[in-house]
Every structure is written in C-alpha cells, then in structure tokens.
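See structure below.
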C-alpha cells in the first residue's frame, strides 16, 4: 500500500471526525480527540525536551568550551519541581513556582508599562490639524482622541459613573463596542479561508472532485 | 517557614527584574529567566505527563465511561514518546528531532496538522452561529456592536458597493466599503488603544500586589 | 522546513562571503596605489567615533558625512579598526550611501581608533583617523530615566493608596458586572448539582494573564469550597496545573474543608493548542458544567470554547487582555472582563481594602495618560498651526517624558 | 454542467433562508446546527462550482488602477516581488494583475525582488503570465528583470540614486547599459510608479520610507491582509492607493475584467477565492437579520402576552 495515500486517508478521517462534532458528540470525534491528545502531548514534550534540555542546557552548560554555569540554576529549580511527587517534601516545589511568578511579574511589569501604556499614549499625541489636511482627517483625529480618553474613563474604578464623567464613560463603552463589532466583522473573512482550506483538502486532495 | 521562603523568593526575584531594565549589565537577565523557565517547564511536564497517564490508566482499570478511548490516548502517547526519544527515522542523530524524514515529522504532518487545522476551521461555523445569536439590537450597546459589525461585514462583500455605490465621489466616505476602512482606522484604533493603555496599568498594579506578597494563594497554605 | 533551510542557506552564504571579503587584504589600510590613472574619490568628512551610551561596554558607534563622490564614483566604504598596538583590521565593507556603523566586536575599556576609507576605481581614500575611543561600561541607563520616573509615579500612587487604605480610609470602587455575577454563577451550579469549569487560558505561567487567572482562581475556588460545589479545571500547561492545585488546595484549607479537595480537580491535557481545545469541548458536552469561566490568555480558541459552552446552556464569564479575542467573548459570553478588569479582578474579589487601594492607584495612571494625551494634542496642534514657541517647548517636554526606544 | 449545480445550490440556500425567515417570524430561535449546515452548503457549493462575483473597487484600489490606466503609454513601472510562498495565495494575484495591466497599457516594466524566496515567484509570474499572454513583448525593450539582490533597505538606499551601483547586470547577466530599457534610467527616481508587493520587511513600508518619500516617486503597494491596517496611515500622502489582501486583489482583477475584453478568460484566483467568502458573508448577514427579526417578534409577543 502506498503510504502517501494512507496518509491522505488518515488525515481525511481525522478531519471528518472533528467536523462531526458540530452535529453532536460521537464515537468518531472521541476517537480523533483521544488520538489528538495522546500524540500531541507526547509530541510537544519531545520537542521541548530536545530543545531545552539538550539544545539549551546540555549545550550551554556542559558541552560548550566556555560553559555557562548559571544555567545550572534552571536545572536545580526544575529538579525542585519534582518534589511535588512526594507528599512529605512537596512544599519545596513552591520555590520554583514562586521564582516563576516573581520573575514573570517583575519582568512584564515594566515591559507592559512601556509597550502598552507609554507607547500608546505617545502615538495618540498628534496634531488635530496640519496644513493641507482635509476636513475628514481632522474629524478622524478628533474621533481618535475622544475615543481613547473616553475609553480610559470607562475603565476608572474609583469614581462613580455619573454626571459628565458618566457621559464620558458611556461614550467610552460605545467606542469599545464599535471596536469589538468591527474586529469581529474583520476576522470573519480569515476564518472562512481556514474552512476553505479544509474543504479544499477534502474535495480536492482526498476525493479529487475539484479539477 | 514553608510559606515565608516562597514569598521572599517572589518579592526578591520580582524586584530585581523590575529594576533590571534600567541597568545595562542586568539587561540580559530577562533572557536568562526565559532559559530557566524552559528548563523548569520540562521538569514540570513529568508531573503533567504523569497526571495524564494516571488519569487514563485509572479510567482503563476501572472500565469507567469512555475507557476504550483512554487506551487509544495511552498508546498514542507512548508511541510518540518512544519515536521522539530515540529519534526514529532520523538519519543523523545530531539532527533536529522533527527533521525531514523522521517519524515525528510524519506524525506532525499527517495527524497533528490536519487535526489542528480542522479544529481551527470549526471557527467558520461558530462565527456564524455567534453572529446569529449575539448581534441583536437588545440595547444601545448591543445595537452599536451590531451596526459596526454589519458595516464591516457588508464592506467586505460586493453588496456594500452595490448598496451605496450611487453616493457621489465627493462624499465617497459614506460608501460602505470606505466607511468600513474608516471604522477600522478611526474608532477601532481608539478603542484598541484605550484597552492597551488600561492593560499596561493593570499589569503594573497586579505585579506590585504579587511582588508585595499581598496576593499569594497560589503558594498554597501553611497547613501541610 | 524548506523555507528555514533556504533561509539558513542564505544566511550562511552571506556570512561566508562577508568573511571572505573581511580577509581579503587586512593590511590595506591605506591602499592608494593609483594604477589606472583614475582620480581617488573624495574622503569622508566629519568622522566621529563615540562610545555607545548605556550599554554593558560592548559597542562603539561610528558616524561620518558621506564622500562628495557618493554615489556616482565610488564602490562603497571600508571601516578599519586600529587597536592600541597600531594593528589595523578591516571590520566591514559598506554600501554607498551609508553614513554610520556600529561596531559590536570591541572589548570593554580598550582604546580603539577608526578609519573609514572610500573605495573608488582608483583605490581607497582613507579618512582622518579618529581620536582614541573606548567602549565604556555604564551603571545606569539614563536614557530610560523617564520610564523610571513615570514608573515611580504610577507605582507610587498604587502604594500610596494601599497604605492609605491600610489606615482605614474608605474607598469607593465601582461595580464590575462580570465579577458581581460570579458568586451567583457558582451558586447556580451548586443548585443544579453540576460542576464549574475554569479555563486559565492556554499560555504558561510566564504570562501575566495566566498569573491573573491563578490569582482569580484563588478567590473563586474559595467560593466554590464554601458552597461545596465541584470544580473542573483542565489545563494545557504542567506548571499551571501545579500552581492551580496549590491554589485550590489552599482555598479548601482556609474554608475549613481540607477533605473536600482532591488532585483530580485539575487535569493536564496537552500543550497543543487545538488538542487542548478538542478535549475541553469534549469535557463540556459530557460533563455539562453549569458555569464556565474563561480567564487568561486566549487565541483563536476563544470562540470555539464560548460557543460550545453556550450550546450546553452554561453561564459564561470570560476575561482576557488580548484585544483580538475580546470581541468573540463579548459576543458569545454573558459577562466579559475587558483588559484591565481582568487584572483588577482578584483585588476586587478579595474585598481587602489594601488590594482595593491598588485599583485607585491605577486610576492615577489613567489620569496621567489622559492629561498627557489632551495636553500633548493641543500643544502639537497649536505649535504646528500657529507656530507658538512655548507650545513647542511643552510638546518637547511631553515627548521627552513619553519617549521609549 | 457546473452552472446547473451552482443555480441548484443557490436555489437551495435561498429557499432555505426564506423558510427559516418564515419560522423566525413566529419568534422562535432556530437550532444552531441549521446554521452550521447552511455554512457548509454555502462554502462547499461555491468552492465546487467556482462561484465568482464582480467586485466594484473601493476608492483606495480604484486610485491604483486609474494611475496605471492614465499614465501615458511607455511609462516606466517597477514591480517588486517582496514576499515568500506563505504569502503567495494572498498577494500573487495582485502581482499578476499588475503585470497584465502594465503590459496591456504598453508600459515599460521593471521587475525585481528584495526577498531571496521571491525570486522563484517572480519568475513564475514572468513565465506563466507575461510570456504566454503577451508573446509580442520583447525582453529588454518592454520588460526587464533585475532578479534578487540581498541587502534589503541597503539596496533601496542605493537604487534611489543609481541602479548601476547595485546591479551591474540584469538577472541574465546582461550589462544594464546594453538593455534598451535602462538607456535613460539612472535611478529609481526615473520610475513613474512603483508597485511593491508583500507584507514583511523589507517590503512596501520600506519602499515608501526609503524610495517613495525621498525620491518623490508615486508608490502603490499590494499588501497581505494582516499588515494592511499598518500601512493604511500612509495613504493618501505617501502611497497613492493600496490593495489589501485577497479582497483588494479581487477588486483589481474585476476592474481588469470590466475594462479589457481580452482578459475575459484569464484565471482570477483572487475572485474565485472571494466567491465562497462572499457567499459566507452574505449568509451570515442574512442570519443576523433573521436573528433580529426573531428577537423583535419574540419581544412583541411577550409584550402582548
């Protein structure tokens, strides 16, 4: 038997198994799901293992002519993770957890502050009107300024949304709604092309119905 | 004690990394953390993968529910692990585990890839059912959501031009496809920015609470 | 695979050829042998070598003004580095039109000099040799001073309101719909005797949204423990599994029901995004949870999960900071925590005045952002429309505060 | 044959939607599986029976078309293929449409790429579109190709002042001085229009910043959909118009079909990709309308009750 053809049939059955979930949960879906979980869990572990343990740890800390000793810290923290396997010393596994949480919080605190807050504020500062601009550009600039400020007002936690402040918050939520509606509508097309890809595989590659 | 040390670790590591961006000699510490993290994650998988095997073994042993499918999962897991650890099909042992011709690559191309792209493609159906249900003019907010989505959807089809093509050139912004472009670049941009700025500030406050140890349920309790 | 191979090949070829050029004639610092009788191109002017500021002493920046013969009569530029023993080395050949080069192959605190030669048909026309320059090591990155100051303002106001809350000052915090509904949703699941599904996103513990999800889990699992209902938490990362177990266990302990907890509440599925989604979908239609919570980092799966959850009639509360996925949650879920609200949720749910104080601190950050935007826009408009000097200086100040690079 | 299938499936979809509409007038929600079925039939039938719709171009695309249309015969136009096979389905249709349009208007075409992976795609366009469809076009006199040159922005920085500094020869090794098309061309500033096609770096953005702006050359980029929103801000000052994603390409193809009879048999990959997507959009729009009808009927019935 030709393995190429076997591969196509296998892929076709997997595809149909997943699609059948749209009707209801069934044996084919369960089978596809079971295979998917088993294989992908193994796959990613293998990839991470070779990549991190061999590609990064072994190469940098042991094989390299100028070994990087600090990589061992990672290994030690990793081994501490395994303490969870025992009930007695399980609490030691909290150390690597605490390390990860602290590092993530510390690292991303400044990163988000700069790339989200500061960069966005800076790029919103723009002239409302410049020589040569049409009325529409001016209008658009005003819309953006109002949208950003009112959007921020909506997120205020410590002030009641009432009076003028309430109106601004209301406008803010409207802007958010436009954002959500527009992004939803915009992505529909790319979602369709995904399905086209699968149908193209089923009708074209598998059933050979498309010339 | 069991709790104090982890809280201290979080605070110290967090504080150090917050300030690391300001000191040239410490600028690469963030990358070091990613490296450590990758190694920790591999060890953590022994717990995760172990949990996976345990859960399905128990199902099989107790013949509970869909236990037959658990056998499938276990076998699939075992085969992939073996094929990957011993690099089945690999010509050169030093080559990548997913290199051309390996079992891992075949598994990926013929099983994982079609399965995940089909799962992804289900979105086409869910986008339709969600639009049917969610885009209803229930109140003012929902109506705005509906109108924005509707204009963008129309703008992406010939229908939009068909309906508003008669609008004269000097006011062509009111033609639906052009209006759709504007919504994406005007109000949509403003909304996105407001969200991003908020997120930036939210992360700062949350990180501070974690580093100060105000929020520490994730570290478990003193009791055991 | 092939793409990467091609890319790797291209990089290899480029590197090899660069290497080959580099070793061409290392001694040819001043190669002005005028064989063809053609005239040497004009040398570059105003050459300047500077220590790159605020790094770990790893880089020297070189600037010059291009030759007047550029680009008509030259082939390009060659950069030579001369070390303290007088030995020169060709470090790079550059295309015509280039006016700068950043040398990153230097050692810390060693003096170097540079020559940039213009290469023409008749040979090379060297520039003057630059004065000695060293790649110096700096302790503090002053170009980020503004970030530090702004950071201090925001963090400072968070800390200020935390401490003022500690002293017993009453704070108003507005209601957040999705969080108000949380307890009711848990109660409903208990009444119906069905489980509560908690999905902490698909990223690992090194993502802030996952951290937010785990902190919220701390509060939610406490309510669940109090109500004695059942939680289902399939996760796609092993580290998240471990930390979620610690969190839930702690909640059951502090609710006084340590026996109510078991490890099977949290289950690792697979790291593969859609494999995980396939499994969660299966769990949803088989276990029929009454309440689904999706809090954390979500990608394309947001709508797949939310629509499946909807089809089983669950109450759904979602929250993410990813603007791309918010629309789907807003459309398909009952309540959605938008961006900042996700990070505020755990403080809000804790009801602890100190933590609530931190939310008020965040608001100060928003005031700063809003005033900067409004002031900056006005300043820029006036500055460009009427050329008002003081507006321009105000703008410069704002720019220097918010500059990031 | 295919037409029968097409009409048949459109008939089923329309009748089905009307039936659902009638049902929804009673104020009842339909099962979501019916929506799934409709989506499946719609997309599958428009894929199987090659459904295509004429597109009326948006202003931003029309401006590009008009520019090429109104340039005097023999104008110099440069097309840069700055993309890889992953982006190909989205942007290759644009490249081919541009090539056709330029050739039919008898403009002089200069083809190049900044991406190593773009070389093969550039050749594909020449071999499969330009040569077979315009057999009279002479290499060197009507079109020429510079091939790939590494250096990205560096290349752009040089050709803005002199092509010959960067390219001693064309792709086939002929010195530029022996190519009639380059007889009066020194730099990119001598181009009448530049059409960079791509979605990464170096790509359209770099062309705008390093060639279009300093050289005052009109630029009209063709872009992958994901990057289009990032380039929109350059319109209309720095880019005279642009094509975004499959939709932009389809609008352009459709404009070619409308204006030139000779193209009526050309393959239109963007239009045929748009067919199923357009149908899907229309069905979704129909369901949104039906959903709202159901909602208002239900509310009225509740008010009456």
With the condition kept exactly as written, say whether any residue in the stretch C:208-217 is assigned by TED's automatic domain parsing to the domain that holds residue C:339 and more than 28 Å from residue A:158 (Cβ to Cβ). no
May I ask you to verify whether residue D:232 is surrounded by 20 or more Cβ atoms within 10 Å (Cβ to Cβ) and in the same structural domain as residue D:205 (by TED's automatic domain parsing)? no
Can you tell me which residues in the stretch C:379-405 are touching a helix residue (DSSP H, G or I) at 6+ places or on another chain (Cβ under 8 Å), under 27 Å from residue C:151 (Cα atoms) and in a helix (DSSP H, G or I)? C:379, C:380, C:391, C:392, C:394, C:395, C:398, C:399, C:400, C:401, C:402
Among residues of the stretch C:243-267, those that are in contact with a strand residue (DSSP E or B) (Cβ under 6 Å, 6 or more places away or on another chain) and within 8 Å of chain A (Cβ to nearest Cβ), counted: 0
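Of B:162, B:150, which residue is at pLDDT below 85 and in a helix (DSSP H, G or I)? Step through it out loud before you land on a result.
Numbers: B:150 fails: at pLDDT below 85.
Being at pLDDT below 85 and in a helix (DSSP H, G or I) holds for just one of B:162, B:150, which is B:162.
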Somewhere in the stretch D:149-157, is a residue modelled with pLDDT of 90 or more, outside any strand (DSSP E or B), more than 24 Å from residue D:61 (Cα to Cα) and out of contact with any helix residue (DSSP H, G or I) (no Cβ under 6 Å at 6 or more places or on another chain)? no
Going by the structure shown, is residue B:219 facing chain A (nearest Cβ under 10 Å), buried (at least 24 other Cβ atoms within 10 Å of the Cβ) and touching a residue at least 24 places away in the same chain (Cβ under 8 Å)? yes
Just to check your reading of the model, which residue among A:79, A:62 is more than 7 Å from chain B (Cβ to nearest Cβ) and assigned to a helix (DSSP H, G or I)? A:62
For the stretch C:329-354, the count of residues that are facing chain B (nearest Cβ under 7 Å) and free of Cβ contacts under 8 Å to residues at least 40 places away in the same chain equals 6
Go through the stretch C:334-377 and count every residue that is out of contact with any helix residue (DSSP H, G or I) (no Cβ under 8 Å at 6 or more places or on another chain) and either modelled with pLDDT under 90 or buried (at least 18 other Cβ atoms within 10 Å of the Cβ) (or both). 3
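For every residue, the table says whether it meets (1) outside any helix (DSSP H, G or I); (2) in contact with a helix residue (DSSP H, G or I) (Cβ under 7 Å, 6 or more places away or on another chain); (3) under 23 Å from residue D:206 (Cβ atoms).
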position: D:45; (1), (2), (3): no, yes, no
position: D:77; (1), (2), (3): yes, yes, yes
position: D:81; (1), (2), (3): yes, yes, yes
position: D:84; (1), (2), (3): yes, yes, yes
position: D:103; (1), (2), (3): no, yes, no
position: D:106; (1), (2), (3): yes, no, no
position: D:116; (1), (2), (3): yes, yes, yes
position: D:122; (1), (2), (3): no, no, yes
position: D:130; (1), (2), (3): no, yes, no
When only residues in the stretch C:290-315 that are free of Cβ contacts under 8 Å to residues at least 40 places away in the same chain and either within 29 Å of the chain's Cα centre (by Cα) or under 19 Å from residue A:183 (Cβ atoms) (or both) count, which is farthest from the other protein chains (Cβ to nearest Cβ)? C:302
Residue C:139 passes all but one of the listed conditions (1) touching a residue at least 24 places away in the same chain (Cβ under 8 Å); (2) not assigned by TED's automatic domain parsing to the domain that holds residue C:308; the exception is number (1)
Quick check: is even one residue across the stretch D:227-240 free of Cβ contacts under 8 Å to residues at least 12 places away in the same chain and not in a helix (DSSP H, G or I)? yes
The one condition in (1) within 26 Å of the chain's Cα centre (by Cα); (2) farther than 25 Å from residue A:146 by Cα that residue C:322 fails to fulfil: (2)
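The values are calculated or read from the model by the stated rules, or taken from the named source; none is laboratory data. Because the structure is a prediction, the values reported are computed rather than measured. Note that each Cβ is placed from the backbone with ideal geometry, even for glycine, and that neighbours are counted across all protein chains shown.
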